[in-house]
Amino acid sequence: PRGGAPNPPPPPPPHLFDLSVPLEPSRGDAPLSVLHGTTEGGVRVYLLQSDVHFRAPYAHRSPADALLSASLLSRGALLLLERLSASPAALLSNDWVAALAAPYARHGAWRRAARPGGGRSWPERWRGTAFVHLVHNLEPGYDGAFS
């Protein structure tokens, strides 16, 4: 407002639940918090939060850290959809950070090793889902190269 105190920051989105995302066996699982951001046009938006792995966009300390963040985001998104019992007709991934969602959905060995048995097989869950990857920036530094 003009001449007055600045508007206070918006409150953080409400915390809904936590996910335990399996990584490679030597690392165990990584926790992710699921937050409900907002509803826009009838579409619910969920946020995945990890203060350790998602500190800031592209704030990776090393190529291995970048790959770990991308793996965690993609696996977390798939586990969130499973937790919500959602079987989307299409899954859109944007940028290299989310590009692992499609191969992780199609090849669920990482999930079966951590959570054997029960329900539909992981690849069967995604059989009817089309995967679309959006590449919007091909400049150096945004190419997802892990060197």
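The values are calculated or read from the model by the stated rules, or taken from the named source; none is laboratory data. Note that the structure is a prediction, hence the values are computed from the model and not measured. Glycine gets a Cβ as well: all are built from the backbone with ideal geometry, and neighbour counts include every protein chain shown. All accessible areas refer to the heavy atoms of the entire protein, side chains included, with ligands and DNA or RNA removed. Shrake-Rupley method; radii C 1.70, N 1.55, O 1.52, S 1.80 Å.
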Asserting the computed 222 nm helical MRE of the chain (DSSP H runs at least 4 long, -39500 (n - 2.57) per run, divided by residue count, to nearest 500) equals -7000 deg cm²/dmol
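Ranked from the most accessible area to the least, with a 1.4 Å probe and all protein chains present, what is the order of D29, D95? Display every interim value, and only then the final one.
Working: D29 80, D95 20 Å².
Order by accessible area, largest first: D29, D95.
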Restricting to DSSP loop positions (anything but H, G, I, E, B) with no more than 13 other Cβ atoms inside 10 Å of their own Cβ, which chymotrypsin sites (Phe, Trp or Tyr not before Pro) remain in the range 15-80?
Y58
Pick from G76, G108, G41: which is most flexible by mean-square fluctuation in a GNM of the chain where alpha carbon atoms under 10 Å apart are linked?
G41
Using only Cα atoms and rounding to the nearest 10 degrees, what angle (0 to 90) does helix 63-83 make with the longest principal axis of the chain?
80 degrees
Rounded, prolate or oblate for the chain? Axes are the square roots of the Cα gyration tensor eigenvalues, ordered a ≥ b ≥ c, and the cut-off for rounded is a/c under 1.5.
prolate
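What's the carbon and sulfur percent of the range 7-132's accessible surface, probe 1.4 angstrom, rounded to a whole number?
59 percent
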Give me the percent of DSSP beta bridges within the chain that run antiparallel, rounded to the nearest 5.
75 percent
Rounded Å value of the spacing that divides the Cα centres of the range 124-139 and the range 41-107:
12 Å
Treating only the Cβ of Lys, Arg, Asp and Glu as charged (+1, +1, -1, -1), what charge dipole size does the chain show about its Cα centre? Round to the nearest 20 debye.
420 debye
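Roll a 1.4 Å probe over the protein chains and send me the accessible area per residue for the chain in Å². It would help to have the intermediate numbers written out before the result.
Working: 9280 Å² over 147 residues.
Accessible surface, normalised per residue, equals 63 Å².
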Which stretch or stretches of the range 5-26 have amide N atoms under 19 Å from the point lying 7 Å from D65's Cα along the Cα→Cβ direction?
24
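Please identify every one of the trypsin sites (Lys or Arg not before Pro) in the range 59-97 that sits in a loop by DSSP and has no more than 16 other beta carbons within 10 Å of its own beta carbon. It would help to have the intermediate numbers written out before the result.
On the way: sites: R61, R75, R83; in loops: R61.
Qualifying residues, ordered by number: R61.
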